[in-house]
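What follows is calculated from the coordinates using simple rules that are stated; it is not laboratory data. In this text the structure is predicted, and so the values were computed from the model without any measurement. Ideal geometry is used to build each Cβ from the backbone, glycine not excepted, and the neighbour counts take in all protein chains shown.
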Amino acid sequence: MVPAAGQADPTSQARAQPEAKTFLGTVLKDGDNFVLSDSATKSRYKLDDAEKASPYEGRTVTVTGTIEVASNLIHVESIQEIA
């Protein structure tokens, strides 16, 4: 039996997962936390994973992750240094 139109698999739509995006900037230490500073947009995003961010302090990187717009927090999936 095929589900009727509009009836998708309930497990795939149970919660809307934000799509991962890529952010470009410099990793900076801000107190006990790390932030991604984007000089092009003059924005700063908090990074939720200090363990992943700390090796890149002061370096220009791309961060892939999902953002919580309300708190300007990036849930880090990966970080790669720009050569």
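The orientation-averaged projection of the convex hull spanning the C-alpha atoms of segment 21-81 amounts to 3.6 square nanometres.
Placing +1 on the Cβ of every Lys and Arg and -1 on the Cβ of every Asp and Glu, with nothing else charged, gives segment 21-81 a dipole about its Cα centre of roughly 240 debye. Taking 11 Å as the cut-off, the amide N atoms of segment 36-78 that come nearer than this to a point 7 Å along the Cα-to-beta-carbon line of Lys29 belong to 54-55, 57-58. Can you compute the label reach from Asp38? Point 7 Å from Cα along the Cβ direction, backbone N cut-off under 14 Å, restricted to segment 61-83. Residues 61-75 fall inside that zone.
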